[in-house]
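Encoded as structure tokens, the structure appears first; notes follow it.
The values are calculated or read from the model by the stated rules, or taken from the named source; none is laboratory data. Keep in mind it's a predicted model, so treat the numbers as computed, not measured. Cβ sites come from the backbone with ideal geometry, for glycine too, and all protein chains shown count toward neighbours.
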Amino acid sequence: MKSINQINAVQNKIVLKSGKDQSVRRFHPWIFSGAIKKIYGNPVNGDIVEVYDNKDQFLALGHYQTGTIAVRILSFENVIPDRDFFYKKISSAVEYRKKLGLFNNTETNVFRLIYAEGDYLSGLIADYYNRMVVIQMHSAGMYKIRDEIAKIIAEILEDNVVAIYDRSDATLPEWLEVKNGNGFLKGDAKEIIVSENGYKFIVDWKTGQKTGFFIDQRENRALVQRYSDTMEVLNLFGYTGGFSVYAMKNARKVDTVDSSSAALKLADENIRLNYGDDNRHSSYQADAFEFLKECKGKYDLIILDPPAFAKHNDALPNALLGYKRLNMRAIEAIRTGGIIFTFSCSQVVSRENFRKSIFAAAANTGRKVRILHNLGQPADHPVNIFHPESEYLKGFVLYVE
Ligand code: SAH
């Protein structure tokens with residue numbers, strides 16, 4: 001981590017164009033490159049820069065990076081972003097999870113410990129897996145100080161952490177010169193088995209998606225369990241079987257579909273871990289869109305949890321068409337009185353847009369559809385009200401007649 005002297009010596013300063021200070025004054029934590037009028041000093045990727053309006057008034061400071069998001073703001077006050085600064089922010093993220101009852105919880109030991117902008121730490125994600133922490137950096141600035149961040153996490157969590165693993169390789173841009181591959185920053189671990197609402201899961205934190213598990217679906221999975229009593233359930237985009245394990249509690253039959261054979265292998269293991277050999281469950285390696293074509297009248301409950309269809313705004317129209325097409329097929333296929341859990345995790349798709357694409361899907365099928373629940377992300381993924389993008393997970397439970 002940079003010492004105070006180094007930060008002062010660099011004196012990197014960014015001045016915004018007239019009017020571009022508005023969103024910063026409303027605490028939005030990103031400065032887009034198009035908002036910049038002039039850069040003073042010579043900041044390189046990951047450096048601290050100070051941000052000023054065009055009347056030379058201090059607005060914020062943060063990590064600089066070339067690319068669309070030029071600055072990820074760390075503070076709207078003119079403070080020094082030293083070790084103590086990060087220590088306090090991480091402590092407060094941990095304290096908040098303690099308030100949520102997520103530490104020393106006998107049912108659940110997997111949760112998000114630090115959620116980037118949701119914890120005022122843009123660029124930093126940390127997930128907690130039964131005394132192992134997997135961190136994932138989304139900015140050069142956070143990546144450069146990852147050793148220090150790991151030490152702070154270890155210091156704060158004390159006996160609650162045995163290993164810390166860095167999985168930033170896939171989330172940092174290819175061109176970033178500081179990239180150094182994944183690896184342990186503390187301790188060592190092999191297989192991790194976590195407990196979520198009492199269910200056991202093997203987490204593939206080394207090669208799995210994101211940091212290994214979709215922690216954000218914890219509460220929605222519990223709702224699936226409630227609705228799957230005696231049902232024939234289809235879990236599309238099932239990954240390692242998160243929803244399937246919950247549905248299996250009382251369902252008559254559960255089918256898990258994913259395009260990845262590695263994910264399905266873990267899904268089968270996770271079912272075995274919780275239920276032993278149970279022939280109510282089957283896995284199918286297939287394209288979800290294709291699989292749905294053959295499903296008419298076969299299921300009472302369908303879960304649609306696809307990967308983000310849009311990562312950028314320019315992909316939005318196609319993404320909305322994708323959601324419409326997928327939901328249309330599911331609404332067509334489901335039995336009368338059936339339930340659909342449908343999700344979008346695309347940051348650029350608003351809840352309203354997602355709902356409109358489901359509306360269009362329902363209208364096309366001619367079936368009657370009611371919304372039973374509006375779903376989102378749990379409180380360990382808090383939404384920063386000044387950063388609407390942090391509300392990425394949107395879901396609906398539909399009742400189809
Ligand atoms: N519901 C899961 C997370 C889903 S992640 C959970 O709760 O853990 C999205 C999954 O969709 C990934 O496992 C990916 O392999 C799978 N996938 C992506 N495109 C697909 C497609 N066209 N058909 C089937 N699966 C797909």
Could you tell me which numbered condition D314 fails, if it satisfies all but one of (1) charged (D, E, K, R); (2) away from the ligand (no atom under 15 Å from the Cβ); (3) modelled with pLDDT of 95 or more?
(3)
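Would you mind finding the one in T171, T207 that is polar (S, T, N, Q), assigned to a loop (DSSP other than H, G, I, E, B) and surrounded by 15 or more Cβ atoms within 10 Å (Cβ to Cβ)?
Working: T207 fails: surrounded by 15 or more Cβ atoms within 10 Å (Cβ to Cβ).
After ruling out the rest, the residue left standing is T171.
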Exactly one of A333, A286, A361, A310 is surrounded by fewer than 17 Cβ atoms within 10 Å (Cβ to Cβ), on the phi < 0 side of the Ramachandran plot and of a type in the set (G, A, S), and that one is A286
Out of the residues in the stretch 336-358 meeting the condition of being surrounded by fewer than 18 Cβ atoms within 10 Å (Cβ to Cβ) and of a type in the set (S, T, Y), tell me which one is farthest from the chain's Cα centre (by Cα).
T336
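Assess whether I302 counts as being within 14 Å of the ligand (Cβ to nearest atom) and touching a strand residue (DSSP E or B) at 6+ places or on another chain (Cβ under 9 Å).
Values: within 14 Å of the ligand (Cβ to nearest atom): yes; touching a strand residue (DSSP E or B) at 6+ places or on another chain (Cβ under 9 Å): yes.
Answer is yes for this residue.
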Among residues belonging to the stretch 287-299 that are within 12 Å of the ligand (Cβ to nearest atom) and among the acidic types (D, E), point out the one that is farthest from the chain's Cα centre (by Cα).
E290
Quickly run through the stretch 234-258 and pick out the residues that are more than 16 Å from F213 (Cα to Cα), among the hydrophobic types (A, V, I, L, M, F, W, C) and more than 9 Å from the ligand (Cβ to nearest atom).
L234, A247, M248, A251, V254
Among the residues of the stretch 66-85, are any in contact with a Lys or Arg (Cβ under 9 Å, 6 or more places away or on another chain) and over 20 Å from I152 (Cβ atoms)?
yes
On the basis of being part of a strand (DSSP E or B) and either over 20 Å from the mean Cα position of the chain (by Cα) or surrounded by fewer than 22 Cβ atoms within 10 Å (Cβ to Cβ) (or both), does L185 make the cut?
yes
Looking only at the stretch 210-242, count every residue that is more than 20 Å from the chain's Cα centre (by Cα) and outside any loop (DSSP other than H, G, I, E, B) and tell me the total.
6
Among the residues that make up the stretch 75-91, is at least one of them part of a strand (DSSP E or B), among the small types (G, A, S) and over 22 Å from the mean Cα position of the chain (by Cα)?
yes
